[in-house]
């Protein structure tokens with residue numbers, strides 16, 4: 001008979017309990033208001049361009065491009081915040097749980113796939129076992145696409161998250 005899995009709490013678990021609140025605050029207090037202001041500005045320019053303001057007509061496109069770049073920047077910021085948090089969490093857990101000394105190093109330098117394996121090695125359960133793992137993978141893919149453009153991450157994103165593409 002196998003013994004049931006038991007989670008051993010670490011100090012990192014206590015510290016990480018505020019991560020969600022931090023991310024929500026970033027989105028609600030910084031991202032959403034600035035995007036709303038930019039969208040309002042674009043709408044105003046669009047309305048003016050339909051009137052007799054010729055300059056406004058030439059301002060809509062650049063304003064929309066700025067909005068797109070801003071959204072990508074916020075996506076990268078959120079992904080970087082998350083990645084820094086998970087790396088710090090794993091490094092602290094590896095140290096506290098006295099994991100292989102290479103685990104601490106991997107937490108600082110490993111790829112996303114390395115971090116997934118490391119999480120299971122250090123914590124005893126795969127990261128995919130958590131409800132939020134699909135969203136975290138999405139965030140990682142979005143960060144890669146924002147950073148690097150088209151490539152394997154964009155292909156994976158299209159396959160794994162077709163809801164992100166407009167149809168029709």
- Message: So residue 62 passes all but one of these: (1) more than 24 Å from residue 19 (Cβ to Cβ); (2) crowded, with 17+ Cβ neighbours inside 10 Å. Which condition number does it fail?
- Response: (2)
- Could you please let me know if residue 78 is closer than 30 Å to residue 16 by Cα, surrounded by 16 or more Cβ atoms within 10 Å (Cβ to Cβ) and in contact with a helix residue (DSSP H, G or I) (Cβ under 7 Å, 6 or more places away or on another chain)? yes
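Which of the residues belonging to the range 140-164 are within 15 Å of residue 68 (Cα to Cα) and loosely packed, with under 11 Cβ neighbours inside 10 Å? Step through it out loud before you land on a result.
Within the range 140-164, the first condition is being within 15 Å of residue 68 (Cα to Cα), and the residues that meet it are 142-143, 145-147, 149, 164.
Result: 149, single match.
One line per residue, one yes/no per condition, for (1) closer than 26 Å to residue 132 by Cα; (2) touching a residue at least 24 places away in the same chain (Cβ under 8 Å):
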{"residue": "9", "(1), (2)": "yes, no"}
{"residue": "14", "(1), (2)": "yes, no"}
{"residue": "37", "(1), (2)": "no, no"}
{"residue": "41", "(1), (2)": "no, no"}
{"residue": "47", "(1), (2)": "no, no"}
{"residue": "57", "(1), (2)": "no, no"}
{"residue": "62", "(1), (2)": "no, no"}
{"residue": "83", "(1), (2)": "yes, yes"}
{"residue": "89", "(1), (2)": "yes, yes"}
- The one condition in (1) in contact with a helix residue (DSSP H, G or I) (Cβ under 7 Å, 6 or more places away or on another chain); (2) at pLDDT below 90; (3) within 30 Å of residue 148 (Cα to Cα) that residue 113 fails to fulfil: (1)
- Answer residue from the range 10-55, given it is modelled with pLDDT of 90 or more and in a loop (DSSP other than H, G, I, E, B) and is nearest to residue 67 (Cα to Cα) among those: 18
- Among the residues of the range 1-12, which ones are in contact with a helix residue (DSSP H, G or I) (Cβ under 8 Å, 6 or more places away or on another chain) and more than 16 Å from residue 84 (Cβ to Cβ)? 7, 10, 11
- Query: Can you name the residue in the range 129-139 that is more than 14 Å from the chain's Cα centre (by Cα) and surrounded by 11 or more Cβ atoms within 10 Å (Cβ to Cβ) and, of all such residues, is nearest to residue 5 (Cα to Cα)?
  - Reply: 129
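The values are calculated or read from the model by the stated rules, or taken from the named source; none is laboratory data. Bear in mind the structure is a predicted one, so any value in this text is a computation, not a measurement. As a convention, Cβ positions derive from the backbone with ideal geometry for all residues, glycine included, and neighbour counts pool all protein chains shown.
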